[in-house]
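The values are calculated or read from the model by the stated rules, or taken from the named source; none is laboratory data. Since the structure is predicted, the reported quantities are computational estimates derived from the model, not experimental observations. Positions of Cβ are generated from backbone atoms using ideal geometry, with glycine treated the same way; all protein chains shown enter the neighbour counts.
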Amino acid sequence: MIYTDTRDSSVKVNFETAVMNGMNSKTGGLYIPTSFPKLSESFINKNPEPSFRDIAFNMAKPYVEGEIPDEDLMQIIQDAYPFTPKVVPLDNNSYILELFHGPTCAFKDFGARFMARVMSYFNRNGKDALHILVATSGDTGSAVGSAFHNVPGLDVTILYPEGKISKIQEKQLSTFTGNVRALKVKGTFDDCQRLVKTAFTDDELRSKFRLSSANSINISRLLPQSFYYMYSSLVVKNRAPLDTKLEAPSIITIVPSGNFGNLTSGLIAREMGAPIKGFVAATNTNRTIPDWIATGEYNARPSVETYANAMDVGAPSNYERIKAMYTYEQVKELFASYWLDNDGIKDAIQACNEKTGYIIDPHGAIGYKAWVDIKNGEMSSLASGIYHDFKKPGLTPNLPSWKDEVINHNAVGIILETAHPAKFGGIVQDAIGRESPIPERLQEVMNLPDRAIPMENSYESFKDWLINNL
Ligand SMILES: *Cc1c(COP(=O)(O)O)cnc(C)c1O
């Protein structure tokens, strides 16, 4: 596969270069495959559907062709995914796609674990370890730390802002041993990011160590997220006719979004033949994308803190990939969009639990409420001309091409549950009056000793530490 760049279509690199560079430092652009090969009809039409790992292997294959042989790719997939996503029916026309069955209880495990193994594969003949530096405000750091833990040839240093992440998140970051460690920086997330960025441009440091990043813009984190969109749409295509008595309902996928990497992966799956009719971009008060869909004007802005904090992104980096793949008109045909403020998030967690018994996390809750509103009349009011102010929470005034499928009750929704509710115990408890049960793997982490290393918010201290300790 040849990869190009969102800012310069004359760029042509292979998978290894795209993965190891992360982004194109010359243009500042993001790597993107030049084509999205479709899976065969016979594969997609299998009933029962192929296993998650079988789907993952067949989807990954064209993107690594000529660079990773089949047996090695199969090994990477097997090592990366000892767990699978789960499709859970919620009501007569909705399903939850649980993406939290990995070690850190959030969907980022799917991307990070594939990336770690691919990087280790490309570094297999390297004499020296590849040092990954990653700044995190929460979920990314734990997914990356866990994904790279004990992977040969790789070494990870995580920077996080001391006192600015939740207890559970801190435990998930700071309890690693061996090749993964965390530095608690006396500063903000932006300070952590600045330290990492300065290190990448420091020639003296680069001459001593091989440095790389594990940023979410890396194509090797994006591609594997498309596997679960394909998997869930095939599961639902096969079982929905039995569950709903509809012969061939249209599938709408609802995606809680921040940086829009997850949603971009959904677009890739659809290009490859996943039977997904449309998407709902669901977000919080950081409504840069809903505003863009409503008005056609894209205005990045500073992020604001919300209960769905993994989506607190005001300048979503994957906007650039979406724009490279589709025109604005195509985006409006494909997407509905929806946002909620904090009160809305809490009400949505409560409503979901009351109506279905399901305990949903604050990110998934926005997706749940978006789908409930869309199928229960918001789309038909919009179609009948009732205006909804896009500056208020709710459905963005945009009519996607699939609106009639929803209005005529011929659609089913797949709501992505991006994290386990126990990671957001406080707000879930506030909303439903009791705590979510804590999975064993989270409980275990809570009992481990904290090993975070204190770090001054100064580049000189950070650099000295790296030189003396890596
Ligand atoms: C990272 C994250 C998101 C946002 O995903 P993007 O790919 O940045 O849009 C949503 N929910 C949870 C729980 C996350 O960790």
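What's the number of the condition Pro37 fails, among (1) surrounded by fewer than 17 Cβ atoms within 10 Å (Cβ to Cβ); (2) out of contact with any Pro (no Cβ under 8 Å at 6 or more places or on another chain); (3) in contact (Cβ under 8 Å) with a residue 40 or more places away in the chain?
Against the list (1) surrounded by fewer than 17 Cβ atoms within 10 Å (Cβ to Cβ); (2) out of contact with any Pro (no Cβ under 8 Å at 6 or more places or on another chain); (3) in contact (Cβ under 8 Å) with a residue 40 or more places away in the chain, Pro37 comes up short only on (2).
Can you name every residue in region 132-150 that is more than 19 Å from the chain's Cα centre (by Cα) and either at positive phi or surrounded by fewer than 20 Cβ atoms within 10 Å (Cβ to Cβ) (or both)?
Within region 132-150, the subset more than 19 Å from the chain's Cα centre (by Cα) is 132-133, 149-150.
Answer for region 132-150, where residues must be more than 19 Å from the chain's Cα centre (by Cα) and either at positive phi or surrounded by fewer than 20 Cβ atoms within 10 Å (Cβ to Cβ) (or both): His149, Asn150.
Run Arg301 past the list (1) within 15 Å of the ligand (Cβ to nearest atom); (2) modelled with pLDDT under 95 and report the number of the one that doesn't hold.
Of (1) within 15 Å of the ligand (Cβ to nearest atom); (2) modelled with pLDDT under 95, only one is false for Arg301: (1).
Could you say which residue among Phe260, Phe176, Phe209 is among the aromatic types (Phe, Trp, Tyr) and touching an Asp or Glu at 6+ places or on another chain (Cβ under 9 Å)? Give the steps one after another, and end with the answer.
Numbers: Phe260 fails: touching an Asp or Glu at 6+ places or on another chain (Cβ under 9 Å); Phe176 fails: touching an Asp or Glu at 6+ places or on another chain (Cβ under 9 Å).
Residue meeting the stated conditions: Phe209.
Within region 287-336, which residues are exposed (fewer than 15 other Cβ atoms within 10 Å of the Cβ) and within 23 Å of Phe424 (Cα to Cα)?
Val304, Glu305
Can you work out which of the residues in region 342-370 that are surrounded by 24 or more Cβ atoms within 10 Å (Cβ to Cβ) and assigned to a loop (DSSP other than H, G, I, E, B) is farthest from the chain's Cα centre (by Cα)?
Going through the qualifying residues, I end up with Ile360.
How about region 214-225: which of its residues are of a type in the set (Ser, Thr, Tyr) and out of contact with any Phe, Trp or Tyr (no Cβ under 9 Å at 6 or more places or on another chain)? Write out each step before concluding.
Going residue by residue through region 214-225, those that are of a type in the set (Ser, Thr, Tyr) are 216, 220.
Within region 214-225, Ser216 is the sole residue that qualifies.
Only one of Ile415, Ile374, Ile349 is in contact with a Pro (Cβ under 8 Å, 6 or more places away or on another chain) and within 25 Å of Asn259 (Cα to Cα); which?
Numbers: Ile415 fails: in contact with a Pro (Cβ under 8 Å, 6 or more places away or on another chain); Ile374 fails: in contact with a Pro (Cβ under 8 Å, 6 or more places away or on another chain).
Unique residue meeting the criteria: Ile349.
For every residue, the table says whether it meets (1) touching a helix residue (DSSP H, G or I) at 6+ places or on another chain (Cβ under 6 Å); (2) farther than 24 Å from Asp79 by Cα; (3) hydrophobic (A, V, I, L, M, F, W, C).
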| residue | (1), (2), (3) |
| --- | --- |
| Tyr228 | no, no, no |
| Lys237 | no, yes, no |
| Ser257 | yes, yes, no |
| Gly261 | yes, no, no |
| Thr264 | yes, yes, no |
| Gly278 | yes, yes, no |
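Looking at Ala315, is it within 13 Å of the ligand (Cβ to nearest atom) and small (Gly, Ala, Ser)? Spell out the reasoning first.
On the way: within 13 Å of the ligand (Cβ to nearest atom): yes; small (Gly, Ala, Ser): yes.
Yes; evaluated as a whole, the condition is true for this residue.
Could you check Glu204 against (1) more than 23 Å from Thr6 (Cβ to Cβ); (2) at pLDDT below 90 and say which number it fails?
Condition not satisfied by Glu204: (2).
Looking at Pro454, Pro397, Pro437 in this structure, which one is touching a His at 6+ places or on another chain (Cβ under 6 Å), of a type outside the set (Lys, Arg) and more than 16 Å from the ligand (Cβ to nearest atom)? Outline the logic, then answer.
Details: Pro454 fails: touching a His at 6+ places or on another chain (Cβ under 6 Å); Pro437 fails: touching a His at 6+ places or on another chain (Cβ under 6 Å).
Within the list Pro454, Pro397, Pro437, the selection yields Pro397.
Would you be able to tell me the number of residues in region 307-326 that are in a loop (DSSP other than H, G, I, E, B) and of a type in the set (D, E, K, R)?
Residues of region 307-326 in a loop (DSSP other than H, G, I, E, B): 307-308, 312-318, 326.
Among the residues that remain, those that are also of a type in the set (D, E, K, R) are: 312.
Here the count works out to 1.
Which ones in region 31-42 are closer than 18 Å to Val64 by Cβ and either acidic (Asp, Glu) or not in a loop (DSSP other than H, G, I, E, B) (or both)? Explain how you work it out, then say what you get.
Restricting attention to region 31-42, the residues satisfying the condition of being closer than 18 Å to Val64 by Cβ are 31-39.
Tyr31, Ile32, Pro33, listed by residue number.
Give Ser216, Ser265, Ser226, Ser220 a once-over and let me know the one that is within 15 Å of the ligand (Cβ to nearest atom) and assigned to a loop (DSSP other than H, G, I, E, B).
The conditions single out Ser216.
Please go through region 398-436 and pick out each residue that is in a loop (DSSP other than H, G, I, E, B), in contact (Cβ under 8 Å) with a residue 40 or more places away in the chain and either under 15 Å from Asp347 (Cα atoms) or touching a Phe, Trp or Tyr at 6+ places or on another chain (Cβ under 9 Å) (or both).
Asn398, Pro400, Thr418, His420, Ser436
Write out, first by first residue and then by second, each pair whose Cβ atoms fall under 6 Å of each other, whose residues are 6+ apart or on separate chains, and whose first residue, in region 334-347, is modelled with pLDDT of 95 or more while the second is part of a helix (DSSP H, G or I).
If the second residue must be part of a helix (DSSP H, G or I), the pairs left are Ser337/Pro290; Ser337/Ile293; Tyr338/Ala370; Trp339/Pro290; Leu340/Ile366; Ile345/Pro362; Ile345/Ala365; Lys346/Ala431.
Taking Gly28 and the conditions (1) part of a strand (DSSP E or B); (2) surrounded by fewer than 15 Cβ atoms within 10 Å (Cβ to Cβ), which numbered condition does it fall short on, given that it satisfies the others?
That leaves (1) as the condition not met.
Of the residues Gly377, Gly385, Gly425, which is within 30 Å of Asp139 (Cβ to Cβ) and surrounded by fewer than 23 Cβ atoms within 10 Å (Cβ to Cβ)? Break it down into steps so the answer makes sense when it comes.
Working: Gly377 fails: within 30 Å of Asp139 (Cβ to Cβ); Gly385 fails: within 30 Å of Asp139 (Cβ to Cβ).
None of the others qualify; the one that does is Gly425.
Checking Ile386 against (1) farther than 26 Å from Gly261 by Cα; (2) of a type in the set (Val, Ile, Thr); (3) out of contact with any Asp or Glu (no Cβ under 8 Å at 6 or more places or on another chain); (4) modelled with pLDDT of 95 or more, only one condition comes out false. Which one?
Evaluating Ile386 over (1) farther than 26 Å from Gly261 by Cα; (2) of a type in the set (Val, Ile, Thr); (3) out of contact with any Asp or Glu (no Cβ under 8 Å at 6 or more places or on another chain); (4) modelled with pLDDT of 95 or more leaves (4) as the failure.
With the condition being among the hydroxyl-bearing types (Ser, Thr, Tyr) and either over 20 Å from Pro256 (Cα atoms) or within 16 Å of the ligand (Cβ to nearest atom) (or both), I'd like the strands (runs of 3 or more DSSP E) fully within region 79-194 carrying at least 2 qualifying residues. Before you say what the answer is, go through the steps one by one.
Working: elements: 86-91, 94-98, 130-135, 154-161, 180-185.
Answer list for region 79-194: 154-161.
Taking Val304, is it outside any loop (DSSP other than H, G, I, E, B), more than 27 Å from Glu329 (Cα to Cα) and touching an Asp or Glu at 6+ places or on another chain (Cβ under 8 Å)? Let's see the steps before the verdict.
Details: outside any loop (DSSP other than H, G, I, E, B): no; more than 27 Å from Glu329 (Cα to Cα): yes; touching an Asp or Glu at 6+ places or on another chain (Cβ under 8 Å): yes.
Criteria not met by Val304.
Restricting to region 8-22, what's the tally of residues that are in contact (Cβ under 8 Å) with a residue 24 or more places away in the chain and either among the hydroxyl-bearing types (Ser, Thr, Tyr) or more than 12 Å from Ser220 (Cβ to Cβ) (or both)? If you could, list the steps in order and put the result at the bottom.
Here is the first cut: in region 8-22, the residues in contact (Cβ under 8 Å) with a residue 24 or more places away in the chain are 14-16, 18-20, 22.
Add one more test, that the residue is either among the hydroxyl-bearing types (Ser, Thr, Tyr) or more than 12 Å from Ser220 (Cβ to Cβ) (or both), and what stays is 14.
Within region 8-22, residues that are in contact (Cβ under 8 Å) with a residue 24 or more places away in the chain and either among the hydroxyl-bearing types (Ser, Thr, Tyr) or more than 12 Å from Ser220 (Cβ to Cβ) (or both) number 1.
Is it the case, given these coordinates, that Ile251 is under 25 Å from Trp339 (Cα atoms) and not in a helix (DSSP H, G or I)?
Values: under 25 Å from Trp339 (Cα atoms): yes; not in a helix (DSSP H, G or I): yes.
For Ile251, the condition - under 25 Å from Trp339 (Cα atoms) and not in a helix (DSSP H, G or I) - is met.
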